[in-house]
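Quick notes on the structure that follows.
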Amino acid sequence: MNAAGKITSVLPGYAIPGGEVSIECEGFRPSVDGEHGVYVGGVPCRLTAVSPRRILAVIGPSTPPGEAPVHIESDGSKSDPASIQIGAMIAGDMHIVANPAVDPSDDAIIVTRSGSRGERLPNTIYRIEADGFIDELPDPILNPTGIAFGPDGNMYVTNRAEGEVYVVSPSGINPVYATGLGIATGIAFDRDGVMFVGDRSGTIYRVPEFGMVEEFATLEPSVAAFHLAFGPDGRLCVSAPGLASHDAIYRIDKKGRVEKFSIGFGRPQGLAFDNEGNLYAAACYAGRHGIFRISPDGLAVTQLVAGPNIVGLCFTRDGRLIAATGDSAYSLNTGIYGTLLS
């Protein structure tokens, strides 16, 4: 066997530029002169750790999207290729602080340019059409944060600066739906069509109808947005990112009782469920950064996507995962379908 050895696996199988992946290998002999490397889509990776059985490699910023070949080179020899799926950037120059959303009427992806708290920008909400065209919605909303589509087909957006929820329409007329929601961030609807909003200062609100706000549950305050997602069992999962490396994702029953659902995360943020009851979280876990799949019992955690600074995610009706970093959105063909998009 040549010095490059054999790749046995690339973990995880999906990544965006900047993501760190693990190249598991056999027979690899690192060069004493450093004449070895990992290439993804023909682009060299930055190596963060090297051993005969494992190489940790960071996907380069110019790596082409789609299914990309992965190979190792050492002392002039080259391994047979493995493969990995690299996300395609569909939007940049954004300021995304929570999950993107999918418009159920036409499958457009909705993302935000949120800005600093209190900062007024000329355009704050964008639609990424199926053909890739990015359209700016009129009448900007101050600090748009959480986005969700209600059972009525309307889009609802939280404004964390003023503690409000708006109904957003293509006409540009955005009436206020609810106020008095603190630092309103995450938003989700339950199976009965009731709205829930997360105030990052520590309260989950229930908004059963226009203008009516009720306290539902209480958590510790977070350093960034609360993120909300309802599971197929009707319970609400919440991430409340802190500064510790062992944050929990919480689960709240219909009576507002809070329990720790899954633990051990660093700054967990965006959440989404698939149609098999698995929860996906944008977080750091066991020193790795990206998107993680959490089993329905909360015990098994596996990395699905490698990537830095991911703050949100959603699933489309054609099996794609949209991963949002603080400034960009990427599309990955994962074949995973979300619970609310069947």
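The values are calculated or read from the model by the stated rules, or taken from the named source; none is laboratory data. Keep in mind it's a predicted model, so treat the numbers as computed, not measured. Quick reminder, even Gly has a Cβ in these numbers, built from the backbone with ideal geometry, and neighbours come from all protein chains shown.
Let's see how each residue does on (1) assigned to a strand (DSSP E or B); (2) of a type outside the set (Lys, Arg); (3) touching a residue at least 40 places away in the same chain (Cβ under 8 Å):
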position: Lys254; (1), (2), (3): no, no, no
position: Phe261; (1), (2), (3): yes, yes, no
position: Pro268; (1), (2), (3): no, yes, yes
position: Arg293; (1), (2), (3): yes, no, no
position: Asp297; (1), (2), (3): no, yes, no
Fill in: Matching residues in the stretch 1-19 - criterion: being buried (at least 21 other Cβ atoms within 10 Å of the Cβ) and within 26 Å of the chain's Cα centre (by Cα)
Val10, Pro12, Tyr14, Ala15, Ile16, Pro17, Gly19
Item to complete: Would you be able to say whether some residue in the stretch 274-281 is surrounded by fewer than 15 Cβ atoms within 10 Å (Cβ to Cβ), touching a residue at least 40 places away in the same chain (Cβ under 8 Å) and within 20 Å of Val102 (Cα to Cα)?
Response: yes
Worksheet item: Among the residues of the stretch 71-88, is any modelled with pLDDT under 90 and in contact with a Gly (Cβ under 9 Å, 6 or more places away or on another chain)?
Response: no
Discussion item. Being under 21 Å from Val21 (Cβ atoms), crowded, with 22+ Cβ neighbours inside 10 Å, modelled with pLDDT of 95 or more and not aliphatic (A, V, I, L, M) is the requirement here; does Gly66 meet it?
Written reply: no
Practice prompt. May I ask you to verify whether His36 is in the same structural domain as Ile310 (by TED's automatic domain parsing), touching an Asp or Glu at 6+ places or on another chain (Cβ under 7 Å), farther than 17 Å from Gly290 by Cβ and surrounded by 16 or more Cβ atoms within 10 Å (Cβ to Cβ)?
Written response: no
Discussion item. Six or more apart or on different chains, Cβ atoms under 6 Å: show the pairs whose first residue is in the stretch 124-139 and without any contact (Cβ under 8 Å) to a residue 60 or more places away in the chain and whose second is exposed (fewer than 14 other Cβ atoms within 10 Å of the Cβ) and not in a loop (DSSP other than H, G, I, E, B).
Written reply: Tyr126/Glu136; Arg127/Asp135
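Would you check if Glu214 is without any contact (Cβ under 8 Å) to a residue 40 or more places away in the chain, over 26 Å from Ala324 (Cβ atoms) and either assigned by TED's automatic domain parsing to the domain that holds Pro308 or of a type in the set (Phe, Trp, Tyr) (or both)? Talk me through it step by step, then tell me what you get.
Details: without any contact (Cβ under 8 Å) to a residue 40 or more places away in the chain: yes; over 26 Å from Ala324 (Cβ atoms): yes; either assigned by TED's automatic domain parsing to the domain that holds Pro308 or of a type in the set (Phe, Trp, Tyr) (or both): yes.
For Glu214, the condition - without any contact (Cβ under 8 Å) to a residue 40 or more places away in the chain, over 26 Å from Ala324 (Cβ atoms) and either assigned by TED's automatic domain parsing to the domain that holds Pro308 or of a type in the set (Phe, Trp, Tyr) (or both) - is met.
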